[in-house]
1. How much length, in nm to one decimal, is gained on full extension between Ala89 and Leu76, taken as 0.36 nm per residue of separation minus their Cα-Cα distance?
2. Using a cut-off of 14 Å between beta-carbons, work out the net charge of the residues near Asp42 (Lys and Arg +1, Asp and Glu -1, Asp42 not included).
3. At 0.36 nm per residue, and after removing the present C-alpha to C-alpha distance, how many nm does the segment from Ala45 to Gln66 gain when stretched out fully?
4. Provide the per-residue ³J(HN,Hα) series for the stretch 47-62, in order, calculated from phi with Karplus coefficients 6.51, -1.76, 1.60 and θ = phi - 60°, each as a whole number of Hz, with x at glycine and proline positions.
5. For Leu30, what is the net charge nearby, where nearby means another residue's Cβ is under 13 Å from its Cβ and Lys, Arg count +1, Asp, Glu -1?
6. In degrees, nearest 10, range 0 to 90: what is the angle between the Cα axis of helix 70-88 and the longest Cα principal axis of the chain?
7. What is the local net charge at Ile63, summed over the other residues whose Cβ is closer than 14 Å to its Cβ (Lys, Arg +1; Asp, Glu -1)?
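Every number in this text was worked out from the coordinates using simple rules, so none of it is lab data. Bear in mind the structure is a predicted one, so any value in this text is a computation, not a measurement. Cβ atoms come from the backbone with ideal geometry, glycine included; neighbour counts cover every protein chain shown.
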Amino acid sequence: MTNSSLPEEHRWVYEEFAIIDVTVTHITPLDGNSGHSAVRFDIGAGAIWLGTEPGGPNVQQDITIQLMGSNEHELLAKAFRQVADQLDAAPEANRRA
C-alpha cells in the first residue's frame, strides 16, 4: 500500500545570532522496522559544527540524520527532547544559583 502524501516535509528556520534551517522529511510511513525519515540541519551562521575538532570556516555545517524504523524514530525523538532540556538548563557565566 502506498501513501500518496509522502514524502512529507516540515521546515523551520531559526534566526538570531546563529541561523539554523531544520527540515524533517518523512519519506516512507512507519511500520515496525521500516519507515524512513531524515532530519537535516543547515547552519547558515553561528558556531555549530559536526565533529570533535574546533570549528573553522571549512567545517561541515550541513548535517543530515537518516533513520529507519519505529523504535529509531521514538528513541531519536526522546533523545532530542532530553538534549533540548539540558541545553536550556546550561550553566551561564555569572549566574547565581
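1. 2.7 nm
2. Local net charge: -2.
3. Here the answer is 5.2 nm.
4. Whole-Hz 3J(HN,Hα) from phi for the stretch 47-62: 9, 10, 8, 9, x, 9, 7, x, x, x, x, 10, 6, 5, 10, 10.
5. On the way: positive: none; negative: Glu8, Asp31, Glu72, Glu74.
Net charge in that neighbourhood comes out at -4.
6. The angle comes out near 20 degrees.
7. -2
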